[in-house]
Amino acid sequence: MTTVKPTILLIHGFPQDHTLWDPQLAALSEVAHVLAPDLRGFGNSDPPKDVMPMQTFARDLCALLDERGIDRAVVCGLSMGGYVALTFLSLWPERVQALVLCNTKATADTPEAREARHETARNAKQKGVAVIARGMIGKVLSLHTRTEKPELVAQVGSMMARQSPEAVAAASLGMAERPDRMVMLPSIDVPTLVITGEADELMPITTSKVMAEAIPGAKLVVLPNAGHLSNLEAPELFNTTVRDFLASLPRA
Ligand code: MLT
């Protein structure tokens, strides 16, 4: 009997590009068709609008699936990518075979967080993205990673610093607009895996626990020594976790 591989759509976070997923490409392509696009404005993609709401990113991704003739995908997003994944699910539940929510949350921003997004957008244009990247590096990587993996620290720093100010500003303003998605979690009826890093400062473990507990049947996996970029910081464990999850899915 021939088995059809699922498609996994990997959605990067902020301010990143598709290279976030480099350690997953080969490891996951043995068991899935892997799509890892740049969200609009980031990496090598088209220029963004002034504001990029999560719906706009989700629409671009749906258009990509259409273009490739893919009906359903396992939608996997990290952090901002997770906001996009939940938005995608809310718009096209029939296109989602399963969900992987990494280092992300379902709540909307507080008024203070929204104000900080506006400041980030201003800073991106006035001071440049390198300044933002420098400020973020200590928050997105665990102390363990920063101590033990200097090449990874440099790689993540340059990935963030090379993003365009317009993309960073537009995505930041778009994230500020995103609605609360906690209410939709109990009605999610596709297999869901929640992954986080034990040292994620931006999305503390409790955030992932609350999200996983609200989604029927969701499984939570916490990766030791990893921070916010758990797929880069603990790639082997991340890949094994996702591969096992993909293997457990009912055949489409
Ligand atoms: C990300 O990694 O995508 C961001 O930290 C998400 C956010 O700022 O809420």
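Computed from the coordinates by the stated procedures, all read-outs in this text should not be read as laboratory data. Being a predicted model, the structure only gives us computed values, none of them experimental. A quick note on method: Cβ atoms are made from the backbone with ideal geometry, for glycine too, and the neighbour counts reach across all protein chains shown.
Scattering from segment 1-137 was approximated by placing one identical point on each alpha carbon and applying the Debye formula without solvent; log10 I(q)/I(0) at 0.12, 0.19, 0.20 1/Å stands at -0.51, -1.18, -1.29.
Seen through its C-alpha gyration tensor, with square-root eigenvalues sorted a ≥ b ≥ c, segment 169-252 comes out oblate because a/c lies at 1.5 or above while a/b is not bigger than b/c. Relative contact order for segment 1-133: 23 percent, from Cα pairs under 8 Å spaced at least 6 residues apart, divided by residue count. On full extension, the segment bounded by GLN126 and ALA214 gains 27.6 nm, given 0.36 nm per residue less the C-alpha separation. Between GLU201 and ILE70, the modelled labels are 3.4 nm apart [label points 7 Å from Cα along Cα→Cβ].
Quick check on the exposure proxy: order ASP60, ASP22, ASP180 from fewest to most C-beta atoms within 10 angstrom. Walk me through the numbers before you get to the answer.
Values: ASP60 17, ASP22 14, ASP180 10.
So the residues, fewest neighbours to most, are ASP180, ASP22, ASP60.
For the pair ILE137 and ALA247, the difference between a 0.36 nm per residue extended length and the Cα-Cα distance amounts to 36.2 nm. Does segment 114-248 come out rounded, prolate or oblate by the C-alpha gyration tensor, with a ≥ b ≥ c the root eigenvalues, rounded set by a/c under 1.5 and, if not, prolate when a/b is larger than b/c and oblate if not? It comes out oblate by the Cα gyration axes.
Working out 0.36 nm times the residue gap between ALA108 and SER45, then minus their Cα-Cα distance, what length gain in nm do you get to one decimal? Walk me through the numbers on the way to the answer.
Details: separation 63, 0.36 × 63 = 22.68 nm, distance 2.66 nm.
Full extension of this stretch gives 20.0 nm more.
Taking the C-alpha atoms only, the angle from helix 165-176 to the longest principal axis of the chain is near 60 degrees. For the pair segment 18-96 / segment 183-252, the C-alpha centres are spaced 17 Å from each other. Let a ≥ b ≥ c be the square roots of the eigenvalues of the Cα gyration tensor of segment 73-179; is it rounded (a/c under 1.5), or, if not, prolate (a/b larger than b/c) or oblate? Oblate, since a/c reaches 1.5 and b/c is not below a/b.
Our summary gives segment 18-71 a relative contact order of 23 percent, counting only alpha carbon pairs under 8 angstrom and 6 or more residues apart. Normalised by 2.2 N^0.38 Å, with N the number of residues, the alpha-carbon radius of gyration of the chain equals 0.94.
Which of the peptides 62-70, 90-98, 224-232 is most tightly packed, and how do the rest follow, going by the mean number of other Cβ atoms within 10 Å of each residue?
Working: 62-70: 12.6, 90-98: 16.4, 224-232: 24.6.
So the order, starting with the most tightly packed, is 224-232, 90-98, 62-70.
Once the Cβ-Cβ distance of HIS118 and ALA63 is raised to the sixth power relative to R0 = 25 Å, the FRET efficiency obtained is 0.30.
Could you list THR240, THR192 in order of exposure, starting from the residue whose Cβ has the fewest other Cβ atoms within 10 Å? Each step should come with its number before you reach the end.
Details: THR240 13, THR192 22.
Final ranking by Cβ density, sparse to dense: THR240, THR192.
Between LEU91 and GLU151, the FRET efficiency estimated from the beta carbon spacing at R0 = 41 angstrom works out to 0.60.
Based on DSSP H segments of at least four residues, each scored -39500 (n - 2.57), the chain has a per-residue ellipticity at 222 nm of -14500 deg cm²/dmol.
Averaging sequence separations of C-alpha pairs under 8 Å and six or more residues apart, then dividing by the length of the chain, give the relative contact order as a whole percent. Spell out each step's value before the answer.
Values: 486 pairs, mean separation 59.2, N = 252.
So the answer I get is 24 percent.
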